[in-house]
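Peer 1: Questions regarding the structure given below will be posed in turn.
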Amino acid sequence: MTGHEGDAGRPRRPLRADAQRNEDRLLEAAADAFAREGAGASVKDIARAAGVGVGTLYRRFPSKELLIEAIYRQEVQRLCEAAPDLTATHPPVDALRTWMERFIDFMAAKHGMADALAVVLTDDSEKLHTRALLADAIAHLLGAVESEALARPGVSAQDVLMALGGISLIAASEEQRDLATRLIGLLLHGIVSK
């Protein structure tokens, strides 16, 4: 999912290794810049932080909107791919807690790009697709908790996703990241039966 989606119907050719490294560095630098400075972050500063020229940035991402869209897609993909990795390496409740913390960090970065994302993600099907991917990741994590007979009955992935969305909004409006961690603890108390 990395790279821009300017040619939505066409599959993207794989990049050379050096070009892929450049793109990865660009996306990382841009995600950091947008999380810190919002959509007004300078593309020149992003290119400099990535160690590439502005021309390289514009060849990969002809507009700031395409760069923001690529970051968004990459971060959603990383977050969703983390669920099976976490359940393979952590006890189920710890895996769920760690994923929830990562979700809050993802949402904080997304808030930094909110104005630009509102322009880029105008398609409701894209939003629904993202929600479905995130709910699937949560369902995987809840399944691990349930397999250890630790989950309360009737907990749905959609409900957990909505609760996490609310936590991220509250923590952002209060500008207190530690508040999110405390609220995640309360949410986990409602999910875990032991």
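The values are calculated or read from the model by the stated rules, or taken from the named source; none is laboratory data. Keep in mind that what you see is a predicted model, and the values were worked out from it rather than measured. Note that we place each Cβ from the backbone using ideal geometry, even for glycine, and neighbour counts take in every protein chain shown. Just so you know, the surface numbers come from the protein's heavy atoms only, side chains and all, with ligands and any DNA or RNA stripped out. Shrake-Rupley method; radii C 1.70, N 1.55, O 1.52, S 1.80 Å.
Peer 1: With a 1.4 Å probe and every protein chain kept in, tell me what percent of the accessible surface of the range 36-184 is carbon plus sulfur. It would help to have the intermediate numbers written out before the result.
Peer 2: Values: 4010 of 7470 Å².
Carbon and sulfur atoms account for 54 percent of the accessible area of the range 36-184.
Peer 1: With a 1.4 Å probe and every protein chain left in place, work out the accessible area per residue of the chain in Å², rounded to a whole number.
Peer 2: Per-residue accessible area for the chain comes out at 53 Å².
Peer 1: Please get the size of the charge dipole for the range 47-157, origin at its Cα centre, with Cβ charges of +1 on Lys and Arg and -1 on Asp and Glu, quoted in debye to the nearest 20.
Peer 2: Details: 12 positive and 15 negative charges, 84 e Å.
For the range 47-157, the charge dipole is close to 400 debye.
Peer 1: At q = 0.09, 0.11 Å⁻¹, what log₁₀ I(q)/I(0) does the chain have when each alpha carbon counts as one equal point scatterer in the Debye sum?
Peer 2: -0.37, -0.55
Peer 1: Checking the table Lys110/Lys194; Lys44/Lys110; Lys64/Lys110 against a 25 Å threshold on Cα-Cα, which pairs fail?
Peer 2: Lys110/Lys194
Peer 1: Can you give the helix-only mean residue ellipticity at 222 nm for the chain, where every DSSP H stretch with n ≥ 4 adds -39500 (n - 2.57) and the sum goes over all residues, rounded to the nearest 500 deg cm²/dmol?
Peer 2: It comes out at -25000 deg cm²/dmol, rounded to the nearest 500.
Peer 1: Related question: Can you list residues whose amide H is under 5 Å from Val192's amide H, if they're 5+ apart or on another chain and H is modeled 1.01 Å from N?
Peer 2: Hits under the 5 Å cutoff: Arg152.
Peer 1: Let me ask something else about it. Could you compute the FRET efficiency for Ala19 and Arg177, with r as their C-beta to C-beta distance and R0 at 45 Å, rounded to 0.05?
Peer 2: 0.80
Peer 1: May I pose another question? Which semi-axis lengths, in whole Å and largest first, follow from the square roots of five times the eigenvalues of the Cα gyration tensor of the range 55-99?
Peer 2: The equivalent ellipsoid of the range 55-99 has semi-axes of 33, 9, 6 Å.
Peer 1: Take the alpha carbon atoms of the range 137-194, find their center, do the same for the range 17-92, and report the distance between the two centers in whole angstrom.
Peer 2: Computed from Cα coordinates, the inter-centre distance equals 27 Å.
Peer 1: Could you tell me how many degrees, from 0 to 90 and to the nearest 10, lie between the Cα long axis of helix 92-112 and the main elongation axis, the longest principal axis, of the Cα atoms of the chain?
Peer 2: That works out to roughly 40 degrees.
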